[in-house]
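Structure record follows, encoded as structure tokens.
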Amino acid sequence: MGKRSRKRGGVEPAAAPAAPPRPARPPRPERPQAPWHPFPLVELSVLIGLVLLVWGLIRGGEDGAVLLVAGMALASLAGLETALREHFTGHASHALLIAAVPAVVLAGAAWFLGAPPAVVVVAGGAVLLGGYVALRRAFRSRR
């Protein structure tokens, strides 16, 4: 079929230059434990929220919409609790996520009260920016 390769005598190929060693990453501290630590409350909340979401999609109609909203709220609260705990113990910064919560609540309330869209956007953006700056400072002081 094909010819076998032969070793050629004489010149060996040049070795590639060694890459500089990568600096070692500092070890990350363990995640802070919840006050209810042995009980998996956050995980159960997410699971129940997902079950409610699926149930709401299957059921449909007005009852399904209520189940969808309840599932989203429960799963979101579980994620928010984890983000708050990690942020305020200095484990990881979740400043933007946490600042978005009051901004979305304010923007939603303003929208449903009939405020003009420009006011909704400006008010929500101002709360988001102010909350982000304050939460970022709080995280840096904890770290």
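The values are calculated or read from the model by the stated rules, or taken from the named source; none is laboratory data. Source: prediction; values computed, not measured. With ideal geometry, Cβ positions are generated from the backbone for all residues, glycine too; neighbour counts draw on all protein chains shown.
List of remarks:
- Verdict on residue 125 being in contact (Cβ under 8 Å) with a residue 12 or more places away in the chain, over 25 Å from residue 32 (Cβ atoms) and not polar (S, T, N, Q): yes
- Residue match in the range 71-81 (condition: more than 30 Å from residue 33 (Cβ to Cβ) and in contact with a helix residue (DSSP H, G or I) (Cβ under 7 Å, 6 or more places away or on another chain)): no
- Residue in the range 59-69 that is touching a Lys or Arg at 6+ places or on another chain (Cβ under 8 Å) and modelled with pLDDT of 95 or more present: yes
- The condition of being among the polar types (S, T, N, Q), surrounded by fewer than 18 Cβ atoms within 10 Å (Cβ to Cβ) and under 27 Å from residue 43 (Cα atoms) holds for only one of 141, 93, 76, that being 76.
- Among the residues of the range 120-133, those that are surrounded by 13 or more Cβ atoms within 10 Å (Cβ to Cβ) and aliphatic (A, V, I, L, M) comprise 120, 121, 122, 123, 127, 128.
- Residue match in the range 91-98 (condition: in a helix (DSSP H, G or I) and out of contact with any His (no Cβ under 9 Å at 6 or more places or on another chain)): yes
- For the range 60-90, the set of residues classified as part of a helix (DSSP H, G or I) and either in contact with a Pro (Cβ under 6 Å, 6 or more places away or on another chain) or small (Gly, Ala, Ser) (or both) consists of 61, 64, 65, 70, 71, 73, 75, 76, 78, 79, 83, 85, listed by residue number.
- Among the residues making up the range 24-59, a single one is surrounded by fewer than 10 Cβ atoms within 10 Å (Cβ to Cβ) and not in a loop (DSSP other than H, G, I, E, B): 58.
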